[in-house]
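For reference, the structure is listed below as structure tokens.
A short reminder: the numbers here are calculations on the coordinates, not readings from a lab. Computed from a predicted model, the values in this text were never measured in an experiment. Every residue, glycine as well, gets a Cβ built from its backbone with ideal geometry; the counts of neighbours run over all protein chains shown.
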Amino acid sequence: MESNLPEFGRFAEPSLLILVSLSDGPKHGYAIMQDVERGTGRPMGAGTLYAALARLEERGIIEALPPEDRRRPYRLTAIGATNLAEQLHRLSRFAQMGLRQLGETSP
Amino acid sequence: MIAFLIRCYPSSWRARYGDEFAALLEERPVGPFDVADILLGALDARRRSRGHAATLSSGRGFTMSLRIGGIAAILAGILWATSLVLASGTILEVDGIVTGLLLVAGAVTLLVALAGLSAFQARAHPLLSWVAFAVPAAGAVVSLVGVAGMTFVGDRPMVGDLSPWYIWVFGTLTVFLGSGLFAIVTYRTAALSRIAAITLGVGSVAVTLAVLIGAVGGVPEAIGIVLTLAGVVSFLVGWCALGVDAIRLDRISAAPRPA
């Protein structure tokens with residue numbers, strides 16, 4: 001399946017999880033980690049989080065806001081929101097196809 | 001332990017993320033999984049540290065391209081609209097040299113605007129953005145050749161049987177069609193204002209239609225004039241709005257961030 005973040009390698013999936021976490025507003029690193037763990041049931045390590053955050057920021061997909069104490073929130077940019085929507089639509093179509101092949105109907 | 005883990009990262013990374021990373025690690029206990037993950041992250045950051053310096057430099061270039069592209073887009077819209085109105089001779093008769101200079105300035109600023117804004121949009125959709133850059137940019141170059149030909153060759157054939165005027169018209173039509181393509185890509189990437197992109201797209205299509213109707217004939221002249229005026233105004237407003245939006249985004253990106 002084509003990815004919108006092909007050069008992210010092993011950080012493509014963590015990056016998608018981060019973008020989903022930021023989709024309802026700016027968050028700092030710890031809040032993103034909690035969001036991801038709540039959503040997937042798996043923890044995201046701090047090393048992975050910041051490797052993905054750095055890549056997303058470099059690509060202009062997210063941007064850093066002024067720090068609050070020492071914690072710096074991040075938010076989606078316009079490009080990031082478009083990128084996330086495209087990825088989610090593609091995943092949704094892929095999931096629908098899988099469910100159809102299993103003979104199950106989507107909820 | 002936290003200080004040791006952070007020291008594993010390269011200094012450029014620590015300067016940017018060190019403080020917030022330390023704050024994050026202080027918020028929860030660091031277990032063996034975290035240590036391994038952080039060490040792998042540090043390895044990744046070191047591997048990319050040379051590229052990171054290049055990225056910082058490209059980040060500065062990115063905001064610069066937005067600013068220059070935005071200013072050039074506003075100027076290009078104004079120069080193209082003014083020169084087209086003057087070239088039509090319907091509102092004001094001016095010296096041909098003035099119109100020619102405006103056409104040249106319009107083509108050059110449009111090239112700068114397209115390069116700057118495409119560099120920004122290419123961050124999300126490289127192929128689409130550079131195709132949308134290539135078509136109007138090629139049109140602007142052909143239009144420049146046509147203007148130069150009108151100045152130095154006059155009405156004589158310049159390429160085959162074509163006089164410079166036809167070359168200029170071909171280049172200008174390509175600029176309008178290419179601007180329409182640029183508008184579609186801008187709408188698709190949503191990197192800049194979608195309303196501005198729609199306005200530019202409408203203007204590009206309207207002017208192209210007006211020129212084609214004028215060439216084919218059979219349509220009342222009034223319709224052609226209205227279509228041309230509406231198209232030129234929409235083209236002008238579209239480019240100016242894209243320029244203003246790019247400058248606004250540049251200000252947001254370039255805003256100083258407290259350390």
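A quarter of the convex hull surface defined by the alpha-carbon atoms of chain B gives 18.3 nm² as the mean projection. Taking other C-beta atoms within 10 Å as the exposure proxy, B:TRP130, B:TRP80 rank B:TRP130, B:TRP80 from fewest upward.
Taking a ≥ b ≥ c as the square roots of the Cα gyration tensor eigenvalues, region B:135-259 comes out oblate, since a/c reaches at least 1.5 and a/b does not exceed b/c. Angle of helix A:78-102 to the longest C-alpha principal axis of chain A, folded into 0 to 90 degrees and rounded to 10: 30°. With neighbour counts taken as other beta-carbon atoms within 10 Å, the residues B:CYS240, B:CYS8 rank, fewest first, as B:CYS8, B:CYS240.
What the Cβ-Cβ distance of A:ARG75 and B:ARG156 gives, at R0 = 35 Å and to the nearest 0.05, is a FRET efficiency of 0.05. Counts of other chain beta carbons within 10 angstrom of each beta carbon in peptide A:51-60 average 5.
Look at the dipole of the protein assembly as shown built from charges on Cβ: of B:PHE33, B:GLY178, B:LEU117, the Cα furthest out on the positive end belongs to B:PHE33. Once you sort the root eigenvalues of the Cα gyration tensor of the protein assembly as shown as a ≥ b ≥ c, which label holds: rounded (a/c under 1.5), prolate (a/b larger than b/c) or oblate (the other case)? Judged from the Cα gyration tensor, the protein assembly as shown comes out prolate (a/c at least 1.5, a/b above b/c). Within chain B, which DSSP H helices have Cα atoms that stretch 18 Å or more along the helix axis and a mean Kyte-Doolittle hydropathy of at least 0.5? Those that clear 18 Å and a mean of 0.5 are B:49-88, B:96-121, B:126-152, B:164-189, B:194-216, B:221-254.
Under a Gaussian network description of chain B, with springs only between Cα atoms under 10 Å, the residue in B:LEU242, B:LEU127, B:LEU86 that fluctuates furthest is B:LEU127. Relative to the longest principal axis of the Cα atoms of chain A, the long axis of helix A:46-58 makes an angle of roughly 90 degrees. Panel order for B:ILE78, B:ILE225, B:ILE97, A:ILE32, by other beta carbons found within 10 Å of each beta carbon, from fewest to most: B:ILE97, B:ILE225, B:ILE78, A:ILE32. The calculated P(r) of region A:1-80, using every Cα pair and 10 Å bins from 0, goes 19, 56, 24, 1, 0 in percent.
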